[in-house]
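Notes for the one structure printed next.
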């Protein structure tokens, strides 16, 4: 027998969607070949790809160029890694807007995903 659960709110959906967008982005693009010559194009490609998905109202992708330059090999490219990313997404679902981010945290040596802000506009 299935127990009754709490109602799923618009806030719950917006938060879930933000997490899904960042997780999908991260696992889709990590390992992509990148160089100093293509880094801006890759940022744009990631932004445009994520922006196509439902309820995405804003995407900003920054790839750490210093890290790209340091890791380039003799063929002048390397693979995109988590520590190179700083990505912000904003999800707008009905009256709820969620800003989420993935950014490398030096202190824990990990590209941490987090919710940064939640807004509700009931106008």
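Using helices alone, what [θ] at 222 nm do you get for the chain, with -39,500 (n - 2.57) per DSSP H run of 4 or more residues, divided over all residues and rounded to the nearest 500? Intermediate results must be reported in sequence, preceding the final value.
On the way: 3 runs with 40 residues, N = 123.
Result for the chain: -10500 deg cm²/dmol, rounded to the nearest 500.
At a Förster distance of 41 Å, what's the computed FRET efficiency of residue 95 paired with residue 73, Cβ-Cβ distance as r, to 0.05? Working shown, then result.
Values: r = 49 Å, r/R0 = 1.19.
For R0 = 41 Å, the calculated efficiency reads 0.25.
Tell me, 43, 107, 116 in order of fewest to most beta-carbon neighbours within 10 Å?
Working: 43 18, 107 6, 116 12.
Fewest to most other Cβ atoms nearby, the residues stand as 107, 116, 43.
Once the Cβ-Cβ distance between residue 106 and residue 11 is put in as r, and R0 is 30 Å, what FRET efficiency do you end up with, to the nearest 0.05? Kindly include the intermediate steps, with their values, before the conclusion.
Numbers: r = 31 Å, r/R0 = 1.04.
Computed FRET efficiency for residue 106 and residue 11: 0.45.
Would you mind computing, in nm to one decimal, how far apart the modelled labels at residue 45 and residue 122 are, each placed 7 Å from Cα along Cα→Cβ?
Label at residue 45, label at residue 122, 4.5 nm between them.
Just so you know, all these numbers are worked out from the coordinates, no wet-lab data involved. Note that the structure is a prediction, hence the values are computed from the model and not measured. Quick reminder, even Gly has a Cβ in these numbers, built from the backbone with ideal geometry, and neighbours come from all protein chains shown.
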